[in-house]
Every structure is written in structure tokens, then in C-alpha cells.
1. Straight distance only, please: which lysines reach the Cα of LYS122 with their own Cα at less than 19 Å, same-chain residues fewer than 8 apart left out?
2. Only sites in a loop by DSSP and with at most 10 other Cβ atoms within 10 Å count here; which trypsin sites (Lys or Arg not before Pro) in the range 147-222 make the cut?
3. Among ASN223, THR209, ILE196, which residue has its Cα positioned farthest towards the positive end of the charge dipole of the range 178-223, with +1 placed on the Cβ of Lys and Arg, -1 on the Cβ of Asp and Glu, and the dipole taken about the Cα centre?
4. Using DSSP to define loop residues, name the GluC sites (Glu not before Pro) in the range 126-223 whose beta-carbon has at most 16 other beta-carbon atoms within 10 Å.
5. Assuming 1.002 mPa s and 20 °C, estimate D for the range 103-176 with Stokes-Einstein, Rh taken as the Kirkwood radius over Cα pairs, in µm²/s.
6. Could you list which residues have their amide H under 5 Å from that of ILE58, counting only those 5 or more apart in sequence or on another chain, with H placed in the peptide plane?
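Bear in mind these aren't lab numbers, they're just calculated from the coordinates by the rules spelled out. Because the structure is a prediction, the values reported are computed rather than measured. All Cβ positions, even for glycine, are placed from backbone atoms using ideal geometry, and neighbour counts span all protein chains on display.
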Amino acid sequence: MVFFRSVYTLPRIACIVAILISLGSATINVAPASEVWLPVPLPNIEQNKVTLRVAHAINPRFSHMTSQQISILLQEARQVSAEHFGIEIDFGTTEQIAIADLFAMRPDIADDELMEWVYDFKTGGGDTDKLVDDLLARLQRSDSQLEDIYAFARPHLINPPRGATAEGYAEALTDTLLRRLRVWRVLPANDKRAIIDETIFNEWTFWDTLAHGALSYDIVLTN
């Protein structure tokens, strides 16, 4: 998993793309005015050169990348940046940090407030209707591409939609998402506990807040 001060995404190719996007984008601060979130700084690019600080946050519950694997990943990103954007990236020395220490850098935001943004599938307290409605709105905004979306999704659905409509696919996609997530609540990590446990380390919303904290890195790789 890869987290950027302005982008959070998956490893390998997506990681490379996100590194490049991070050179020119910043996260919008949507927090209430009463909450103090630090602004997300943009990298300083001079003469087509930039230095990005990298951390490797280790969650001891899982196997993690070796130093050699991280070097390969960053070298590939460096080559893509140079070839396609003419920007030379210096990643410096990757610093190892425990994931708990990384999350201690989060801004002072009450976790119960953040959980209002999260669908609670861990305890079964999530509002499924709201999840369906959110996905339905996203599908409707992509009206011109619906048939392509349906064709792509159809082989992966656990249960077929009740109708070939946006509503039917929103329900079927949500059902598939939640059923597959529940599997990760059963499969064990290295410590024999569920891969998705009760900690906040597996919640995207909490990762997103890191960019607005006292983070001394531009890029965070984890496991």
C-alpha cells in the first residue's frame, strides 16, 4: 500500500502514477472550520528536479517489502518521471517507521467524527441504503459509460442485479463489495487475527488525514 501527502493509491504502476500526480496536486481541505488541519505542501521543483522524502511504515501483522524491493519500485518511478515528464526525482534515503508512530502524526481530530465518514461493515452498523445511494449517484454521473461499466462488472458480481438498471447494478455492486470485505474479516494475518481487524490502520479515511498532520514525508509506503 502506498500513501502520498496528496494521493493514496495501490502499489506498482498505480504507485508510479500517483508519485507523478503528487508533483502537481494538493488535497482539498474539507474539514469543518473548527478543526485545524495543516495545509498540504506542494513539492518544490527547481530546474526540473525535485526531492521527495520517503518513509516505509511497517505493520508487524503482515509481511513487508524488502529494501531491495522498495529500491526497485522507486527506481521505476524515477525512470517514468524522467521519460514522460522530464522531471528528475531524488527520493533520498527511505526511513523505516512503525505504523503506530506514523499514525501518531495525524492531526488532532476526534476518531468518532471521522467514523461518520466511514461505512461500518466491521460491526454491522453501517447504513447499506446510504452506500447503495452513493454508488447509484456515481453511476448516474457516468451515464454515457454505463453499458461499459456493466459489462466490466458483470463477471465479478456474486449475485446478478435484479434488473439491468443503475439501481439494480448499484445494489448488486454494493452486495459484492460487502461480501468480499467480510472475507478479510475472517482470513488471518501473520498474528492469526483477522486481516481487517478493529484498528484504524485499515481505514482509508484515517490514512487520508495523515496528509494534514505533522508528516515529515512526501511518500509513505506500507508493507
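1. LYS130, LYS192
2. On the way: sites: ARG162, ARG179, ARG180, ARG182, ARG185, LYS192, ARG193; in loops: ARG162, ARG185, LYS192, ARG193.
When the trypsin sites (Lys or Arg not before Pro) of the range 147-222 are filtered for loop state and at most 10 Cβ neighbours within 10 Å, LYS192 remain.
3. Highest projection toward the positive end goes to ILE196.
4. On the way: sites: GLU147, GLU167, GLU171, GLU198, GLU203; in loops: GLU198, GLU203.
For GluC sites (Glu not before Pro) across the range 126-223 that sit outside H, G, I, E and B with at most 16 neighbouring Cβ atoms in 10 Å, the list reads GLU198.
5. Working: Rh = 14.1 Å.
Roughly 152 µm²/s, to the nearest whole number.
6. Long-range HN contacts for ILE58: ILE97, ALA98, ILE99.
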